[in-house]
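Worksheet: the structure to be examined is printed underneath.
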Amino acid sequence: MARKEKQSANLKDIAKSLPNYLDEVEIIKSNIFALDHILKGGIELGTSIQFLAESGVGKSTLALQLAKNLCKAGKKVVYVDTEASITKELLETTGVKEFINDTFFYIKESTFDNVEKYLDMYLNTGEISLVIVDSLAGLINKCFTDLNKGVSITTNATLYGSRPLTLFMNKYKSLASSKRFGLILINQFRERVTLNGTVLKEFGGKNVKYNSDVILKIASIKSTSRNKDFKDMMASLTGGTALEFEVIKSNKTYPETTLPFYLFYGRGISDLANYLYALTKLEFIKKNVSFFELEYEGIKIKE
């Protein structure tokens, strides 16, 4: 009896049975002019974006404004507060409060274990468009919070089933890509002066940098910055500060590596400030001390 040869699978059939890895990317707008502009349209689902800034700059305010805008558009957002720094007042002033447990879901945990447990519960629904971790520096191993174990901060951090930052980053970067949600990572940096000059030192080191598709540094506008004129223009405003985005890393090429914006404390980025700046640069509007002047068809408006 002739032996039957095993029929090999058809390559085209195999390709059709697998996920379509070449699907068009989906971008959701933050509806924050400066952020959408520097990200070339908005937040690309499946990517991880790191906001890198010094303490007290306004990272949480920006993150909450971003969350509110997405929630208002019907997107579902999970916000992980690892530092227990989000107050009821901040939720109110940024406009997030009205969306709580509707499209905005809040986790206030600091241990890797608890963050992972609760975050996975939300992600398993398949309904989440954006995850914000505020901040990476606030995450801690479970062993340090278990008083019965008597573990000190000098003890090996791998004890008692802890989840180090490397595994956390690898897991949620991979999940963001496969489940198609945006991942916003709030991180801190400090500038260290060395023999070779000033070096940017961010929390988490190379692993966090590697697992971030885009890194936006948020900092005050220096006197040497190309955006100094924006800072000077906004000098008369109160209740906030002039800052700039700087692209430290990106998987996209973009001619503008820095972009200025004005952040009102507790409220968020002012789009009006950017619009006025753009119109002034284009000479549609003229700045005269603390006044703006617009002349159109013989009519002069001064405000």
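So how far apart, in nm, are the two label points at residue 210 and residue 241 if each is 7 Å from Cα heading toward Cβ?
Taking the two extended label points, one gets 3.3 nm.
Order these peptides, 55-61, 123-129, by their mean beta-carbon neighbour count within 10 angstrom, highest first. Mind showing how you got there, number by number?
Working: 55-61: 17.3, 123-129: 14.0.
Highest-to-lowest ranking by the protection proxy: 55-61, 123-129.
Might you tell me the accessible area per residue for the range 4-102, computed with a 1.4 Å probe and given in Å²?
Working: 5690 Å² over 99 residues.
Per-residue value: 57 Å².
Using the Karplus curve 6.51 cos²θ - 1.76 cosθ + 1.60 with θ = phi - 60°, work out ³J(HN,Hα) for each residue of the range 23-31 in order, rounded to whole Hz, and write x for Gly and Pro.
4, 5, 5, 9, 10, 10, 6, 7, 6
Determine the share of the range 23-160's accessible area contributed by carbon and sulfur atoms, expressed in whole percent, with a 1.4 angstrom probe. Write down the numbers at each step before the final one.
Numbers: 3020 of 6370 Å².
For the range 23-160, the apolar C and S fraction of the accessible surface comes to 47 percent.
Please work out how much accessible surface residue 191 shows to a 1.4 Å probe, ignoring ligands, DNA and RNA, in Å² rounded to 10.
80 Å²
If Lys and Arg each add +1 and Asp and Glu each add -1, what is the summed charge of the other residues whose beta carbon sits under 10 Å from the beta carbon of residue 39?
Values: positive: 29, 40, 252; negative: 36, 44.
In short, +1.
Just to confirm a number: summing +1 for Lys and Arg and -1 for Asp and Glu over residues other than residue 132 whose beta-carbon lies under 15 angstrom from that of residue 132, what do you get?
Net charge in that neighbourhood comes out at +2.
What's the local net charge at residue 52, with K and R +1, D and E -1, over the other residues with C-beta under 12 Å away? Don't skip to the answer; put the middle values down first.
Working: positive: 59, 190, 201, 209, 217, 249; negative: 54, 191, 202, 246.
Here the charged neighbours net out to +2.
Efficiency by 1/(1 + (r/R0)^6): what FRET value for residue 14 and residue 102, r their Cβ-Cβ distance, R0 = 35 Å, to the nearest 0.05? Mind dumping the intermediate values first?
Working: r = 42 Å, r/R0 = 1.21.
Here the calculated transfer efficiency is 0.25.
The values are calculated or read from the model by the stated rules, or taken from the named source; none is laboratory data. A quick note: this is a predicted structure, and the numbers were derived from the prediction, not measured. Because the Cβ atoms are built from the backbone with ideal geometry, glycine has one as well, and the counts that use them run over all protein chains shown. Heavy atoms of the whole protein, side chains included, go into the accessibility calculation; ligands, DNA and RNA do not. Shrake-Rupley method; radii C 1.70, N 1.55, O 1.52, S 1.80 Å.
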